Amino acid sequence: MVDITTPNLPGANELFNTIAKKVEEIDTAALEKMASDASGVVSQLKTDLTDLKAKTGVVLPELPTTVPINLQSELTSLSSLAPTGAAYAEKLSSITSNFGSGLTASGYNIDTIVSDASSAISDASSAIAAGTSSVSTSSALSAKVPNFELSPGATEAVEKAKATLLATAPALKELAHSFSESVTQDDTKGLYGDKVARDTQSTNLQSLLSNLESAGKAFAKKADALNEEIKKRNAEQREENTVYTIGV
């Protein structure tokens, strides 16, 4: 299920999250105003909204009331704090308490994870500011740090699959391939121009058709010869049967 409540999740789609939250706001506002502004149609509206909610729930699940604690999200929050401040120490202590044993059991080191996360976020931010990269800090962090989550009520964090991205830009139209008139031939590398490939294919096709035609004619001749042989033997058999009948 898509998590749209935990901030700073790598792979989160801002457009999708905005739509999901807006739908929830409209739903809540409509239900709150029905009793005072449209008391005469409350029953019908409730029925319609319930039906709408059931249909949209197939593709847009309800927002969870409790969500897991995500390591990447926590590290993003940590990076926004001053390393010498009390808030930083408190957040780091919380991260260590929630994820330390799970990371160690999976072969990771908490100190290395924190350091790698800080470097990934810092480098991505600098690259974006300089205009040399468009990779978001969350994507850079996701590539560098494993995706661990601590579910509500659980005592051990577990590693999840890397977050996937949801595209918001329209797909680029693929241009139709055009053939060139190149006659380049490189037997060593096995590279040939489009014209050479087309001509070779055409020649091979004509040769195949010619061979099939010859084979068809040869088969037809054999079939005719076999048919004549069968007719001849049938005639001889009928003649033998006639002589035998007369003799009897």
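Worth a mention:
- Condition check for LEU165 on (1) surrounded by 10 or more Cβ atoms within 10 Å (Cβ to Cβ); (2) modelled with pLDDT of 85 or more: one failure, at (2).
- Check on LYS173, loosely packed, with under 10 Cβ neighbours inside 10 Å, under 30 Å from PHE16 (Cα atoms) and among the basic types (Lys, Arg): yes
The values are calculated or read from the model by the stated rules, or taken from the named source; none is laboratory data. None of the values given here were measured: they were computed from a predicted structure. Reconstructed Cβ throughout: ideal geometry from the backbone, glycine too, with neighbour counts over all protein chains shown.
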